[in-house]
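S.K.: Sharing a structure here in structure tokens format.
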Amino acid sequence: MTTGFFYHKAFLKHDMGAGHPECPERLTAVMEFLQRRKAFNEENLCLASPRAATLPELERVHPKDYIDFIRTASERESRFDADTRASKGSYNAAILAAGAGLKAWESISNGDIDNAFSLARPPGHHANENQVRGFCLFNNVAVVAKHITATVSDSRVLILDIDAHHGNGTQEILYTDPSTLYIGLHQDPRTLYPGYSGYINELGEGSGKGYNINIPLPPGVSDSSFLQALNEIFPPLAKQFQPTIILVSAGYDAHFRDYLTNLLLSTTGFFQISHLINEVAQRTCDGNVIMFLEGGYDLKALSESIYNTLIPMTGEGKIIQEKPPKEDPRIPKYLGKLLTETKEMLKPQWEIP
């Protein structure tokens, strides 16, 4: 298999200031790690350049005045809120980050690659149609999803969000759209940003009802419970939905060393997650998968977890093994009740064992 790995040095020009967790060093650490591992080659992991998303492509998600607002903010190096600001290079980085997924889809469609990983920033899953939030300017995943469903007849896009924070922007953009299925596994929003969304009763609206699924996990969930939740919900829904492609908001802030969250996944856990995703993709959509970097702020954990993610995608590499911390023994019982309640709520739309 050939995996396109999309990266551009322009992503490093988006700078939100000294000490900010969403920093350029996130990408340089990953690139240096992969190069030390000699991961790049033409047959398995091919380094690829993104293209900029065009205005019409962005406008499928974001109004023109919002796009202009981001461009002007970048020129002026404005601060959006306490967490997110722009630098001179932010707008160019943002349109390339959105365009990386578009170029990946084009390359998969043309048969040039089998799947793709977008190592891009700024991330995207918190941004909605007209609001910067949580380090995110444009919603990269939603831009690609809307492009595919607008240009490919009878297409369906499954979005799997595994970031520790709920993908509130993606949910809001696609909440009424039955051509997209959003599945989010994240830390319980009562204990983590954004707080107001990501609960199991948020199922979509109108014709999109039943196409928005959230699994809010309690703090302290480790590999076994995360994989149990993913296994019980994701494969049966993917089998019934039969997507054209699976887009993954690949956050790595669920790692136990990440200092912004309280989940306890290991680098081995991220290998297992990627293995399941790619196995399901092979069965349902000819292996079509694009991973989009979202969160992940411990540089060692981020680098090793991305490396492990790439192994099932490329079919090459030696797994970095890591033992996760032990879970609170009360978590499996809580999770069992949560999954039972979730399945009951989804019965009108889906068959889940």
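The values are calculated or read from the model by the stated rules, or taken from the named source; none is laboratory data. Predicted, not measured: the structure shown is a model, and the values here were computed from it. Cβ atoms come from the backbone with ideal geometry, glycine included; neighbour counts cover every protein chain shown.
S.K.: Return the residue satisfying two criteria in turn: it lies in the stretch 74-91 and is among the small types (Gly, Ala, Ser) and under 25 Å from the mean Cα position of the chain (by Cα), and of such residues it is farthest from Pro122 (Cα to Cα).
M.R.: Residue satisfying both the conditions and the ranking: Ala82.
S.K.: Could we say that Glu43 is outside any loop (DSSP other than H, G, I, E, B), in contact (Cβ under 8 Å) with a residue 12 or more places away in the chain and of a type outside the set (Lys, Arg) here?
M.R.: Against the criterion (outside any loop (DSSP other than H, G, I, E, B), in contact (Cβ under 8 Å) with a residue 12 or more places away in the chain and of a type outside the set (Lys, Arg)), Glu43 does not qualify.
S.K.: With respect to the numbered conditions (1) under 18 Å from the mean Cα position of the chain (by Cα); (2) more than 23 Å from Ser107 (Cα to Cα); (3) β-branched (Val, Ile, Thr), which one is the sole condition not fulfilled by Ile352?
M.R.: Single failed check for Ile352: (1).
S.K.: Let me ask something else. Could you look through the stretch 161-179, keep only residues that are small (Gly, Ala, Ser) and in a loop (DSSP other than H, G, I, E, B), and pick out the one that is farthest from Tyr211 (Cα to Cα)? Steps first, please.
M.R.: Initial filter on the stretch 161-179 (small (Gly, Ala, Ser)): 164, 167, 169, 179.
Okay, now just the ones that are also in a loop (DSSP other than H, G, I, E, B), so 164, 167, 179.
On the way: Ala164: 20, Gly167: 14, Ser179: 8 Å.
Restricting to residues being small (Gly, Ala, Ser) and in a loop (DSSP other than H, G, I, E, B), the top hit is Ala164.
S.K.: Moving on. Being acidic (Asp, Glu), at pLDDT 95 or above, crowded, with 19+ Cβ neighbours inside 10 Å and over 30 Å from Ala93 (Cα atoms) narrows it down to one of Glu322, Glu341, so name that one.
M.R.: Glu322
S.K.: How many residues are more than 30 Å from Thr28 (Cα to Cα) and either touching a Pro at 6+ places or on another chain (Cβ under 6 Å) or touching a residue at least 40 places away in the same chain (Cβ under 8 Å) (or both) if we restrict to the stretch 303-342?
M.R.: 11
S.K.: Sticking with this structure for a sec: Look through Gly184, Gly204, Gly167, Gly208 and report the one residue that is on the phi > 0 side of the Ramachandran plot and crowded, with 18+ Cβ neighbours inside 10 Å.
M.R.: Working: Gly184 fails: on the phi > 0 side of the Ramachandran plot; Gly167 fails: on the phi > 0 side of the Ramachandran plot; Gly208 fails: on the phi > 0 side of the Ramachandran plot.
From the options Gly184, Gly204, Gly167, Gly208, the qualifying one is Gly204.
S.K.: Only residues in the stretch 1-29 that are under 25 Å from Thr314 (Cα atoms) count as the first member; pair them with residues that are of a type in the set (Val, Ile, Thr) and assigned to a helix (DSSP H, G or I), Cβ under 9 angstrom, at least 6 apart or cross-chain, and list the lot.
M.R.: If the second residue must be of a type in the set (Val, Ile, Thr) and assigned to a helix (DSSP H, G or I), the pairs left are Met1/Thr314; Thr2/Thr314; Thr3/Thr314; Gly4/Ile108; Tyr7/Val30.
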